[in-house]
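Below is one structure, written out as structure tokens, with a few remarks after it.
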């Protein structure tokens, strides 16, 4: 039963509103950088737009979705009204204020540093303060998730924590710890320079600290999607989760191995030793484990649904699935994109293979396919699934929803596959324009045109999504009942303490962070004379 | 099982998860810090600790080396934003008188009739530096060195101010004053036309270099050789001109701050 519907709706609406705005910017960037558009008279406009797009899509949008979905899970899975709803509103408003504080300097061109900050580039302090406020707002959510689970546990001693809440809290702990890296970078390194207290910055250390955040943040984005795989998809298509323990182990593995792997983002950086790069590369490879466990468990769960619906044969059951169900469709698209994106990710994390695509458009294609594709399409599915329970109104036009999902899938494939390809050809990322008249670049023009067209397909789909949600708010009232999650084939009566609590896994996560990040960060901190002069965005040259 | 027994080796979840994690960590550390460094060809380590330090990314300090002594005299000219900027009328007048002796080669109005460099409108800093270099011997020339030998600092600044004050010849390729067509500025990627910016690799705006417009080629070559040769030889004999055509003081401020 959802009590704080307004709170959850506010998070989702704000998330999707800023998402739509950032989507427009993204499409414009694809266009202006492609041969279809002229050169920009001012490349700074591109970086301004890119900063806004990245900041919204990377920090604001997924955080709000995770928070809104998290509150919904806490209330419906635990069956208790949210403890600390007033705090939750405080967190929400902190994010609103933070997002506005950050976006004003970006819009004015005072913080075109891209969402990854890139010191020694230094923008307006308000940009960084805004980002910090967003993170602080989300930490309130982390604390609330922990408190709500504790309250429930006291009332239900020895009972297994519902899978959705177990995973939700795991995701919140992952976020709390992974955000520390960027928080340290912002508070100790960037803000003193942005405020004018210092004029030099250790860019190498900043990059290592940011890598602490930058990879695990992806798994934080992924958490709502994985929670939906396990606890929404089987229920929505009439199946059961194949294994509750396997699900718990997957989320635990994400918690443990998502953190100590970020240095694979700095394979090209000289300030990090090759030994640590290798260790991080190996641990990144371990992330394939929870993903493969999930692929196996979810495929088995879906097969259960198909066989319950009368599916037969080794593969014939696929046709028995409810393909007209938007959640089914979104899930299938998500898995296809997760497959391609995951395969690309294995190339990125490999110390040797990465050399051929490091800092190329391949990387941009990769994270758009994984995040924009596999993850965001499940955010759509979550919204479609949850909306009737929040608004008390049912969607009437499932066909339109399916069209929206198809457009998103096709658009994302058309956008990202050529993107990967030009990356292999060597096209660098973070460029405001390319001279396609150059014979060396001319062969890439066609791929880039396709990619830009895909961007507009995505924009169309995004607008359609907002339209569907808005129309859903005006549909005739219909009681959707209580919001429920999938049940396992063998619903657990008791669960081992280790699989019912997070302490051990959080301890392992922190321990591995110390072993894998401790020395590089300490060495760079103690090494004097490695700072470089800050480059202030917009300063007169 | 209570929460207290979670962190106990009697708990199989604890022992297995900690054990497996530690095993993976130890194996990858051995591979990353010992096996792989030695597997690299072309790198010799004195011992295992050396290999570990290398893999950990421990920076190696370069051996302290004294910079090589320059082959000849190097330029000692120091230019700041106040050296030659905003000359007084008196300074220009004094410069005009002093420049009489230069007129035989460089022309009475700074436009040479003797195949010497045109100095009218030349940047003051350029003349200032060259004259001081001739005087100090950082640059030598059979004709110029004797002329510069007896000039005072003030004389040099005045002559520089005077020549900078003179109107220079119109540029060799005067820019058309009409607004540039769209296609010139932005190009037309679909038609294979590159923007002007891509063709002209030189940045827009004033450049802190010698004005060479209408300078006889012989002198352009000599000047270029003087600079390039010195740079290539690594002795930086000509030094570097720090010149800021506009907003000089702000630039100096930035340099100091950083």
Inter-chain shielding of B:32-38 (mean C-beta neighbours from other protein chains, 10 Å cut-off): 4
Between the stretch A:349-408 and the stretch A:125-156, the alpha-carbon center distance in angstrom: 25
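What is the average number of partner chain Cβ atoms found within 10 Å of a Cβ in A:37-47? Let's see the in-between values first.
On the way: counts 3, 9, 10, 1, 3, 0, 0, 0, 0, 0, 0.
Shielding by partners across A:37-47 averages 2.
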Peptide-level mean, for B:184-191, of C-beta atoms on other protein chains within 10 Å: 6
Peptides A:271-281, A:488-498 ordered by average Cβ neighbours within 10 Å, highest first: A:271-281, A:488-498
Taking the stretch A:1-116 and dividing mean pair separation by its residue count, relative contact order in percent (alpha carbons under 8 Å, at least six apart): 42
Degrees between helix A:288-308 axis and first principal axis of chain A (Cα, 0 to 90, nearest 10): 30
Principal-axis tilt of helix A:244-257 within chain A, Cα atoms, nearest 10 degrees: 10
Chain A: angle of helix A:163-184 to the longest principal axis, Cα-based, in degrees nearest 10: 10
Cα gyration tensor shape for the stretch A:260-394, rounded if a/c is under 1.5, else prolate or oblate: prolate
Modelled FRET efficiency - R0 25 Å, residue A:151 with residue A:6, Cβ distances, 0.05 increments: 0.70
The stretch A:414-538 shape via C-alpha gyration tensor axes, a/c threshold 1.5: oblate
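Ranked by Cβ crowding within 10 angstrom, fewest neighbours first, how are A:103, A:67 ordered? Before the final figure, lay out the partial values.
On the way: A:103 21, A:67 31.
With the fewest neighbours first, A:103, A:67 line up as A:103, A:67.
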Global geometry of the protein assembly as shown, whether rounded, prolate or oblate, following the gyration tensor of its Cα atoms and the 1.5 cut on a/c: prolate
The stretch A:511-527-the stretch A:47-102 distance, computed between alpha-carbon centres (Å): 31
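None of the figures in this text is laboratory data; all of them are computed from the coordinates on show. Small disclaimer: the values here were computed from a predicted structure and weren't measured. As a convention, Cβ positions derive from the backbone with ideal geometry for all residues, glycine included, and neighbour counts pool all protein chains shown.
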